[in-house]
Structure formats: C-alpha cells, structure tokens
Amino acid sequence: MTTLGSPARLDLRSRFALTTGLVAMLTVFIGSAAVSYVNTRSLNSDSGRVAHTYEVIAALSDVMSLMKDAETGQRGYLITGDDRYRAPYDTAVTRISERLQVLERLTADNPPQQARVSTLRVRVDARLAILAEVIGLRRTEGCEAAQAAVLTDRGKAAMDAVRELAAEMDAAERTLLHSRNAERDAAYDGAVQSGLLSGLAGLLLTVAIGYLVRRGILQRQREDWFRAGV
C-alpha cells in the first residue's frame, strides 16, 4: 500500500499532468490552425475586394480617356477635314460601348454605382451624338457650319455632365477602396497577431511539457531507487 507522497502516487500525478499538457498543446495547435484559416480566408477576400475596386476605377478611367480621344479626333477632323485625323474618334467610338459594359459588369454588386453607370451611358451617348453631328456638318457643309455648331456649347455642356458623373463615381469607388483597404489591413494585423500568440503559446506549452517529462523521468528514477532499496 502506497502513501500520499509515495513514488507511485507521484508518478501517477506526473502522468496526469503530462497528459493534460499534451491535450492542451493539441488544443492550442488546432485552435491556432482554425484561427489562421479564418484570417487567411478573410485576408484573401479583402484583398480580392480591393483589387476589384481598382478594376472599377481603371474601367471608369478608360471610358473617360476614350471620350477625350473622341473629342481629339473630332477636333482634328474639324480643323483639317482629313479622315486620318478622325482616327482617334473612330477608335474611341468602337471601344466605349465595350468599356461601359465592363463597368456595368464590375459594379453588379453595387446598386448605386449600377444606376450611375446607366446614367453615364446616356450622357456618353449624348456627347458622342453631338460629336458625330459636328463631324457630319464638317463633311457636308464645311468648316464654318461645324464651328458654328461647336460654338453653341452643347457639346461642352454634354461633356461636363459626363465628367461630373464620372467624378462622382470615382469618388464613391475611392471611398469604398479606403474602407476595403482598412479591412484588409485589419485582417493582416489579426493574422500576424494570432500567429505570434499561437507561437508563444506553443513555446510555453512545449517548455511546460518538457519540464513535466523531465520531472517524470526523475520520479521514475527515484521510484526505481526506492524499490531497489526495499
């Protein structure tokens, strides 16, 4: 029969403590893996949303760049009457619709921006119609008739309306970008912090288990010595 402080009793306690430590370590590692998975998924999702916002901004910039090309081509043709100088206009007209479709697709998850894209399409078409009208006048009635149409400022007003709406859309996307960047940074910080905490917890548990193993070995040696003495 063993007493409370006997080697057998001490060995049982050591085994229980060691088992508890191993279970705790396993729990920490499983929890750490789960947290890392969640943080990684969140970081990946946030990064994807940031990239998506940049795509929207780029598509909007493309539309505005093409509108400027269309104006440049019209202006060149108005001055020279040479079809070669109208090439930027022709290229822009063929591409603007496609870029508006891309913009519409990219903003499918954003109803307010979808509504703005529809309005932008109407304003772009209005501006392109005026450009085409001036080009037609230059071709059929000459430079003076085309210049008179330009001086009505209808084209300027139409382009100002396009720029105003594009600026509003760009501002909305950049506000969204700021928010999504903040979410991505928070997810990154969370991933780093959880990784450090998990590593620290694992280190402490490893040290604790090493201590328990060493203590168990020493207790086993004392028990063997006790038995040998008896």
(request) Quickly work out the Glu164-to-Asp109 label distance, labels modelled 7 Å from Cα along the C-beta direction, and quote it in nm with one decimal. (result) 3.1
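Taking the Cβ-Cβ separation of Ala87 and Tyr188 as r and a Förster radius of 41 Å, what is the calculated FRET efficiency to the nearest 0.05?
0.30
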(request) Go through the range 48-53 residue by residue and turn each phi into a ³J(HN,Hα) via Karplus (6.51, -1.76, 1.60, θ = phi - 60°); whole Hz please, and just put x for glycine and proline. (result) x, 5, 4, 4, 4, 5
(request) Would you list the P(r) distribution for the range 52-199, with all Cα-Cα distances sorted into 5 Å bins from 0 and each bin expressed as a whole %? (result) 2, 9, 16, 17, 14, 10, 9, 7, 5, 3, 3, 2, 1, 1, 1, 0
(request) Mind putting a number on the dipole of the range 43-109 about its Cα centre? Charges go on the C-beta only, +1 for Lys and Arg and -1 for Asp and Glu, and I need it in Debye to the nearest 20. (result) 120
(request) Provide the FRET efficiency to the nearest 0.05 for the Ala157-His178 pair, computing r from the beta carbons and using R0 = 35 Å. (result) 0.65
(message) What is the percent carbon and sulfur in the accessible area of the range 63-140, measuring with a 1.4 Å probe over the protein chains and ignoring ligands?
(response) 52
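The values are calculated or read from the model by the stated rules, or taken from the named source; none is laboratory data. Predicted, not measured: the structure shown is a model, and the values here were computed from it. Note: ideal-geometry Cβ built from the backbone for every residue, glycine included; neighbour counts use all protein chains shown. The area values use the complete protein model at the heavy-atom level, side chains included, leaving out ligands, DNA and RNA. Shrake-Rupley method; radii C 1.70, N 1.55, O 1.52, S 1.80 Å.
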